[in-house]
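Each value in this text was obtained by applying a stated rule to the coordinates, not by laboratory testing. Computed from a predicted model, the values in this text were never measured in an experiment. Cβ placement follows ideal geometry from the backbone for every residue including glycine, while neighbour counts extend to all protein chains displayed.
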Amino acid sequence: MAKLSFNINQEQFEAEVKSGTSLLWVLREHLGLTGTKYGCGIAQCGACTIHIDNRPMRACILRAEDYANGQQITTIEGLSGSGEHPLQKAWIEAQAPQCGYCQSGQIMQAAALLDQNPSPTREEIRAHMSPILCRCGTYLRIEKAIRIASENGTPLQQ
Amino acid sequence: METNTYTASRRNFLKATGGFTLYIGVSGILPGLISCEDPKKLEAALKKEPLTAWVKLSSDGEMVIFNPAAEMGQGSMTALPAIFAEEMDADWSKVHVEFSPQVTEVYGSPGWAPGSKLMFTVGSRTTNSYFDVMRRAGAEARYILLYSASKTWGVPMGELTTEPGYVVHPESDRRLGYGEIASGLQIPETLPENIPLKKSSEYRLVGQDLQRTELPEKVNGRAQFAIDIRLPDMVYGVLERGDLHGAAPELQNEAEILGMDGVLKIIRLDYAIGLIATSLEGALEAKKNLRISWGTSAASGFDSGTAYREYEKIAAGNARGEVIVESGDVDKAFNSAARRITADFKNDYIYHAQMEPLNAVVQVAADGGSAEVWVGSQQGPDSKLGVPELLGIPPENVTINLQYLGGGFGRRSMNDFVSECVLLAQEVAPKPVKLIWTREDDVRYGAFRPMSLQRVTAGVDSGGKLTGFAHCVVGDGGNLVASGIRNDHYRIPNQLAEWREARHGIRLKHWRSVGHGPNKFAIEHMLDLVATDLKKDPVALRRELMADAPRALATLDKVAEMADWDTPAPEGRARGVAFVEHGSLGSGICEISLDRDTGKITVHHFWCAVDPGIAVQPDNIKAQIEGGIIMGMSSVLSEQITIRDGRVQQSNYSDYRLLRMQDAPESIETVILGSDQHPEGVGETGTPLVAGAIANAFLKLTGKSLRHLPFTPERVLEVLNA
Ligand code: FES
Ligand code: FES
């Protein structure tokens with residue numbers, strides 16, 4: 001057991017966890033940041049996608065203790081808790097989610113894309129988003145939502 | 001119709017009206033309205049449920065409408081309240097939606113048996129089964145508001161009308177907001193039996209695209225699934241169930257496991273070893289270290305790859321199975337047929353793969369006399385999920401807190417995961433237990449769509465008419481393999497459809513569209529084999545067959561127009577058509593191309609025309625068709641569970657591959673052919689279109705016939721090079 005300190009959504013969080021515990025379990029079960037989801041545990045589904053220093057990562061395969069050294073962790077709750085992020089608005093405009101379970105991961109992955117590439121082509125969107133599974137089959141609406149957000153050209157703050 | 005006045009007091013009111021009873025419980029400014037068939041049961045329920053009502057109206061006019069169905073992405077949180085609000089004439093901007101309590105007497109919709117009620121979100125029945133329930137409840141709410149306003153103003157009810165959120169007296173130009181009325185609600189002595197409902201031409205919410213009410217919380221991480229529940233003092237449960245369904249475990253290292261950090265308890269089930277620990281990571285660590293020797297089971301020795309040989313023998317045998325359709329005389333039709341075509345179709349096991357793995361949170365009281373459950377369930381028996389029976393306590397002592405479902409697809413209509421969690425929670429009561437299935441658990445101990453074989457024979461007479469159609473499906477699970485075997489919309493005079501049983505001890509369950517996927521694949525591809533043989537256009541052939549089914553034909557004509565069927569596909573591509581009835585009627589056309597080196601099929605476009613009757617939420621219908629087609633493509637192109645010596649070979653998304661965004665079609669276009677017929681389900685209409693449409697496009701493109709799902713690149717190459 002070690003007491004770890006995390007910088008998440010620009011706040012300090014502390015948790016006492018066993019070495020080797022995944023960052024996903026720390027976020028969800030220790031800290032209550034349950035917007036980040038568990039789907040596979042082996043970096044295959046993307047439901048657990050978060051940002052570490054602005055890069056999209058799969059929390060399920062990260063050891064918590066490796067990310068307790070001041071790295072900036074951003075979860076869906078920190079993207080814009082009020083739902084005002086341009087991607088969140090575009091997601092509603094496109095009526096993208098069905099069950100919704102994959103959507104935190106989808107939005108976090110999309111945010112990282114637009115951060116790097118504000119006007120992605122369809123192929124770029126598809127290639128970038130393919131790590132994130134959606135069993136409900138909302139891919140075309142996700143693609144549409146990313147295009148809406150991109151066309152709105154709103155600056156994407158992190 | 002019998003009228004049965006029950007009680008009418010100052011504080012509550014009960015009256016049977018045409019099989020429904022309306023209850024108004026006046027508590028200060030919050031009147032609540034509910035419908036119920038059995039007043040006694042209702043009264044008992046009302047005593048025990050903290051909130052038992054269809055709507056809560058507050059004095060500022062804001063209201064909560066209760067949704068009685070599970071929300072798994074199909075849009076029940078919007079469609080059902082919209083139907084209620086339509087008849088109540090509510091102001092939609094003031095409507096909030098919450099799940100209703102799980103009390104079937106109050107919130108059920110008509111069940112399978114006449115007069116019965118059910119809270120079960122299965123078979124695409126959300127809108128279909130609740131349409132009348134919600135309409136009537138909403139109209140009753142409006143009636144009471146009208147009554148109360150007429151008393152306040154001292155004018156006859158007949159002079160009053162409503163506008164969204166208001167009762168209006170046009171003559172004196174007076175208006176009362178619903179919230180104002182609620183503050184001093186006056187209650188009628190009796191309710192008319194048949195309160196008039198709106199005509200569809202008067203609808204202003206039904207048929208409009210309302211934004212889905214729960215989406216704001218589904219984009220900011222706040223939407224709560226059962227897996228997100230955290231309670232004080234909560235502990236974690238996991239089970240090791242192995243990969244051989246039903247095998248009995250024997251734990252070899254109990255002492256070692258009990259000595260592990262945070263492990264509280266080991267629980268032995270017939271088919272699994274359960275663990276409870278203080279943390280999830282602790283529980284998972286201990287699970288990894290379990291040493292279990294497994295017994296055999298009914299599935300031992302079973303091999304899904306070689307089982308088709310046995311299926312072929314069963315199909316060839318003389319013993320008829322359970323006859324599902326028999327019309328005319330197929331043997332006679334075949335004997336006099338000019339041409340006769342027989343083909344076998346095969347379908348491997350597939351898995352639900354809902355994105356939220358199964359889980360539940362259960363707290364059993366210290367004295368064992370009550371329990372509380374947090375769960376994403378498609379609900380069921382009825383509607384406390386079997387928990388009262390398990391604990392031997394009355395249903396009213398069990399509270400079910402329904403959460404959003406991270407996908408259902410039929411898997412969450414079996415509450416095995418709830419029962420497991422109850423058993424664990426009982427052991428550590430009153431601590432709440434969160435049970436999590438890992439993805440590996442979810443795959444290996446899945447309940448699959450059964451493998452099946454369809455032997456289909458078509459007979460065509462000398463005039464080129466399809467006169468006989470015989471369809472024998474072989475597989476485990478009755479309706480799980482037999483649904484969708486009927487051809488009610490095709491005029492074929494002589495038909496025989498039967499199911500022949502095979503059993504393997506593998507766990508099975510309804511999977512989105514159930515047997516329709518495999519059976520429509522067989523039927524629709526056979527029609528194209530016939531059309532090819534007759535050198536007939538596949539759409540033209542279906543048009544002839546649909547001569548007596550104008551609604552089905554309309555979907556076919558529409559989709560042919562949408563896809564520009566009569567214009568050839570671009571070079572290197574081909575189109576294929578299919579028709580399906582599953583609740584709604586739908587016709588679909590896809591356009592594909594093929595990489596002849598790798599065997600990979602690419603679907604470029606999918607067009608669909610669907611007739612759902614009244615289209616309650618049109619954009620959501622389109623979303624369901626899109627999702628259904630993508631899930632269909634995923635299953636048709638790559639999904640496959642294989643069993644070797646009874647053991648499930650796959651374990652996670654790494655070896656059970658789902659379609660990803662890069663393989664989604666460029667477009668899926670849906671046109672809704674609405675009507676004023678009772679609304680039908682749309683959640684399972686898209687999925688079973690896919691296999692037939694792709695196989696038919698492939699036939700057109702290559703002259704070869706794909707008959708074994710999934711159409712993996714290896715299988716495609718095999719067929720191509722045969
Ligand atoms: S849970 Fe992390 S990628 Fe699936
Ligand atoms: S919305 Fe259900 S998995 Fe994506």
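Using only Cα atoms, figure out Rg for region B:429-510 and give it as a multiple of 2.2 N^0.38 Å. Working shown, then result.
Numbers: Rg = 20.2 Å, N = 82, 2.2 N^0.38 = 11.7 Å.
Output field value: 1.72.
Rg of the Cα atoms in region B:121-178, relative to 2.2 N^0.38 Å, amounts to 1.48. Working from label points 7 Å from Cα in the Cα-to-Cβ sense, the A:LYS18 to B:LEU717 distance is 4.4 nm. Once divided by 2.2 N^0.38 Å, the Cα radius of gyration of region A:2-79 becomes 0.95.
Which of the residue pairs B:LYS346/B:LYS535; A:LYS37/B:LYS434; B:LYS509/B:LYS622; B:LYS465/B:LYS558; B:LYS56/B:LYS431; B:LYS535/B:LYS600 have a Cα-Cα distance greater than 22 Å in the structure shown? Please list the in-between numbers first.
Details: B:LYS346/B:LYS535 26 Å; A:LYS37/B:LYS434 15 Å; B:LYS509/B:LYS622 26 Å; B:LYS465/B:LYS558 24 Å; B:LYS56/B:LYS431 33 Å; B:LYS535/B:LYS600 27 Å.
Result: B:LYS346/B:LYS535; B:LYS509/B:LYS622; B:LYS465/B:LYS558; B:LYS56/B:LYS431; B:LYS535/B:LYS600 exceed 22 Å.
Figure legend: label point modelled 7 angstrom from the Cα of B:VAL323 along Cα→Cβ; residues of region B:483-520 with amide N under 11 Å from it are B:495-498.
Taking 10 °C and 1.306 mPa s as conditions, region B:583-722 diffuses translationally at an estimated 99 µm²/s according to Stokes-Einstein applied to its Kirkwood radius (Cα pairs). For peptide A:137-148, the mean count of partner chain Cβ atoms within 10 Å of a residue's Cβ comes to 5.
In order along region B:213-229, the Karplus-derived 3J(HN,Hα) couplings, from 6.51 cos²θ - 1.76 cosθ + 1.60 at θ = phi - 60°, round to 5, 9, 5, x, 7, 8, 10, 10, x, 8, 4, 9, 9, 4, 5, 8, 5 Hz, and Gly and Pro are given as x.
Rounded to the nearest 0.05, what FRET efficiency do A:SER119 and B:THR306 have when you use their Cβ-Cβ distance and R0 = 51 Å? Numbers along the way, then the final one.
Working: r = 53 Å, r/R0 = 1.05.
Step by step, r from the Cβ atoms, then E = 0.45.
Once you have the Kirkwood Rh of chain B from its Cα pairs, apply Stokes-Einstein at 20 °C and 1.002 mPa s and quote D in µm²/s. Each step should come with its number before you reach the end.
Numbers: Rh = 27.7 Å.
Result for D is 77 µm²/s.
With q set to 0.12, 0.18 Å⁻¹, the log10 of I(q)/I(0) for region B:405-561, from the Debye formula over equal scatterers at the Cα positions, is -0.67, -1.09.
Gyration tensor over the Cα atoms of region B:667-722: the corresponding equivalent ellipsoid has semi-axes (square roots of 5 times the eigenvalues, largest first) of 32, 12, 9 Å.
Can you put B:SER148, B:SER675 in order, fewest other beta carbons within 10 Å first?
Numbers: B:SER148 23, B:SER675 15.
With the sparsest Cβ surroundings first, the list reads B:SER675, B:SER148.
Calculate the tail of P(r) for region A:86-152: the fraction of all Cα-Cα distances greater than 18 Å, expressed in %. Summing the P(r) of region A:86-152 above 18 Å gives 22 percent of all pairs. Each residue of region B:704-712 was assigned a 3J(HN,Hα) from its phi angle through the Karplus curve 6.51 cos²θ - 1.76 cosθ + 1.60 (θ = phi - 60°); the sequence is 10, 10, 8, 10, 9, 7, x, 7, 5 Hz, with glycine and proline shown as x.
For region A:18-60, the residues whose amide N sits under 13 Å from a probe point set 7 Å from the Cα of B:SER654 along the beta carbon direction are A:40-45. One Cα centroid belongs to region B:621-663, the other to region B:273-316; the line between them spans 20 Å. Note on B:VAL716, B:VAL671, B:VAL580: ascending count of other Cβ atoms within 10 Å places them as B:VAL671, B:VAL716, B:VAL580, the fewest first.
Would you kindly give the portion of the calculated P(r) for region B:188-347 that falls above 26 Å, as a percent of all Cα pairs? Mind showing how you got there, number by number?
On the way: 8625 of 12720 pairs.
The proportion of pairs with Cα distances above 26 Å equals 68 percent.
Given R₀ = 25 Å, what would the calculated FRET efficiency be for B:LYS288 paired with A:GLN72, taking r from the Cβ atoms and rounding to 0.05? Working shown, then result.
On the way: r = 32 Å, r/R0 = 1.27.
Step by step, r from the Cβ atoms, then E = 0.20.
If both residues of a DSSP beta bridge must be in the protein assembly as shown, then about 75% of such bridges are antiparallel. The phi-based Karplus calculation (6.51 cos²θ - 1.76 cosθ + 1.60; θ = phi - 60°) puts the 3J(HN,Hα) values of region B:595-602 at 8, 6, 7, 9, x, 7, 8, 10 Hz, whole numbers, x for Gly and Pro. Counting Cβ atoms of other protein chains within 10 Å of each Cβ in A:76-86 and taking the mean gives 3.
Among the complete DSSP H segments of chain B, which ones combine at least 15 Å of alpha-carbon extent along their axis with a mean Kyte-Doolittle hydropathy of 1.0 or more? Each step should come with its number before you reach the end.
Working: long enough: B:76-88 (18 Å, 0.78); B:126-153 (39 Å, -0.34); B:416-427 (17 Å, 0.69); B:516-533 (25 Å, -0.13); B:550-562 (18 Å, 0.11); B:618-637 (28 Å, 0.47); B:690-702 (18 Å, 1.37).
Membrane-span-like by this rule: B:690-702.
Over the whole of B:621-627, what's the average partner chain Cβ count within 10 Å per residue? Rounded to a whole number, please. Don't skip to the answer; put the middle values down first.
Values: counts 0, 2, 10, 3, 1, 7, 10.
The per-residue average across the peptide is 5.
Going by C-beta contacts inside 10 Å, put A:CYS45, A:CYS40, A:CYS134 in order with the fewest on the left. Present the calculation step by step, with values, prior to reporting the outcome.
Numbers: A:CYS45 29, A:CYS40 24, A:CYS134 33.
Least to most surrounded, the residues fall as A:CYS40, A:CYS45, A:CYS134.
If you split all Cα-Cα distances of region A:63-105 into 10 Å bins from zero, what percentages do you get per bin, shortest first? Spelled out per bin, shortest first, that is 24, 43, 22, 12.
Taken as Cα centroids, region B:56-119 and region A:87-125 sit 31 Å apart, rounded to the nearest whole angstrom. In a Debye calculation with equal point scatterers on the alpha-carbon sites of the protein assembly as shown and no solvent, what is log10 I(q)/I(0) at q = 0.07, 0.09 Å⁻¹? The Cα Debye sum returns log10 ratios of -0.59, -0.98.
In this calculation the C-beta distance from B:ALA365 to B:ASP645 is compared with R0 = 60 Å, giving a FRET efficiency of 0.85.
So what's the convex hull volume per residue for the Cα atoms of chain A, in Å³? Write down the numbers at each step before the final one.
On the way: hull volume 15.4 nm³, N = 158.
Per residue, the Cα convex hull of chain A comes to 98 Å³.
Taking the average, over residues, of other Cβ atoms within 10 Å as the packing measure, peptides B:603-610, A:71-78, B:114-121, B:621-628 rank B:621-628, B:603-610, A:71-78, B:114-121 from highest down.
Summary of the geometry: region B:398-461 and region B:465-534, compared by the centres of their Cα atoms, lie 26 Å apart. Annotation: amide H of B:LEU709 within the under-5 Å range of B:LYS346, B:ASN347, B:ASP348, sequence separation 5 or more or interchain, hydrogens built in the peptide plane.
Determine the calculated [θ] at 222 nm for chain B from helices alone, applying -39500 (n - 2.57) to every DSSP H run no shorter than 4 residues and normalising by the residue count; nearest 500 deg cm²/dmol.
Details: 20 runs with 205 residues, N = 722.
About -8500 deg cm²/dmol.
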